[in-house]
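This report concerns only the one structure given below.
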Amino acid sequence: MYSVRHFPGMKLLVVTDIHGNDSVTGWINSEVRCRKADLVLVLGDITDFGPEEKAMDILGSIESRVYALPGNCDPRSLPNMISGIAVDMHGKTAEIGGYHVAGLGGSNPTIFDTPFELEEDEIYRILKPISEMGMILMVHAPSYGINDTIPSGVHVGSKSILRIVNEFRPILVLSGHIHEDFGIRYEDGTTFVNPGPARDGMYAIVEIDGSAVSAELFSIKES
């Protein structure tokens, strides 16, 4: 069903943290056409604590090939539910445009005891076997210390994801989860992107050509 296309250059529209706001699909579809994006990547928190049908409706309304992860606010059953509508990337890999992509949804533990949280050792145990040098890493939770600062100034990212980054040196790490710390960072050859919450009209366009990665953040309020 999901055949691999090889792009001379690949353009991704990246969204995260929809939190059940189904109005986002209208502008996502418009921006896919306007930006001529090849794919849409959804990094989790599609719903706000369910139900699964809400995620299915949102993903099914996106007029593009979609690769998706659950977030910590999504039900744990979500990966199985969406597999017929989008490419489920939780704990899985895909070849996208000739690039190895590894995915992991949910988050490291939070103080809120949300539905889809994983212990740090479980995060590492899932990610390590599916990781490759120079991959694209698609996760909901950020690496510890990068795009993971909450308003109090505390870093809340995953140390296991950071460990994977240090071991496999991805060319690109895509994450969400921390609404306030959206942005683009470049560290030791890796581009880190948190597009900001889609529920607020935020998204990223990422272009990849060979080992070259460029990223830009957009808001529909400014488009």
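Over 27 Å apart at the Cα level, from the set 128/221; 54/128; 92/159, are 128/221; 54/128. Using a cutoff of 8 angstrom between alpha carbon atoms and counting only pairs six or more residues apart, the relative contact order for the chain works out to 20 percent.
Arrange the peptides 13-23, 198-208, 39-49, 104-114 so that the one whose residues have, on average, the most other Cβ atoms within 10 Å appears first. Working shown, then result.
Numbers: 13-23: 22.8, 198-208: 20.8, 39-49: 26.1, 104-114: 18.9.
By packing density, highest mean first, the sequence is 39-49, 13-23, 198-208, 104-114.
In this simple spin-label model, placing a label point 7 Å from the Cα along the Cα-to-Cβ direction at both residue 110 and residue 22 gives a separation of 2.3 nm. Extending 7 Å from the Cα toward the beta-carbon at both residue 30 and residue 149 defines two label points whose distance is 3.3 nm. Based on the Kirkwood approach, the hydrodynamic radius assigned to the chain is 16.9 Å, with every pair of different Cα atoms included. Rounded if a/c is under 1.5, else prolate if a/b beats b/c, else oblate: with a ≥ b ≥ c from the C-alpha gyration tensor eigenvalues square-rooted, which is region 76-127? Verdict is oblate for region 76-127.
Ranking 133, 41, 156 by how far each Cα lies toward the positive end of the dipole of the chain (charges on Cβ) leaves 133 at the top. Counting only DSSP beta bridges whose two residues both lie in the chain, roughly 50 percent are antiparallel.
Under 1.5 on a/c is rounded, so check that first for region 65-191, then, if it is not, pick prolate when a/b is larger than b/c and oblate when it is not; a ≥ b ≥ c are the square roots of the alpha carbon gyration tensor eigenvalues. Taking the square roots of the gyration eigenvalues as a ≥ b ≥ c, region 65-191 is oblate.
Each reported figure results from applying straightforward, stated rules to the coordinates on display, with no laboratory input. Being a predicted model, the structure only gives us computed values, none of them experimental. Don't worry about glycine lacking a Cβ; one is built from the backbone with ideal geometry, like all the others, and counts go over all protein chains shown.
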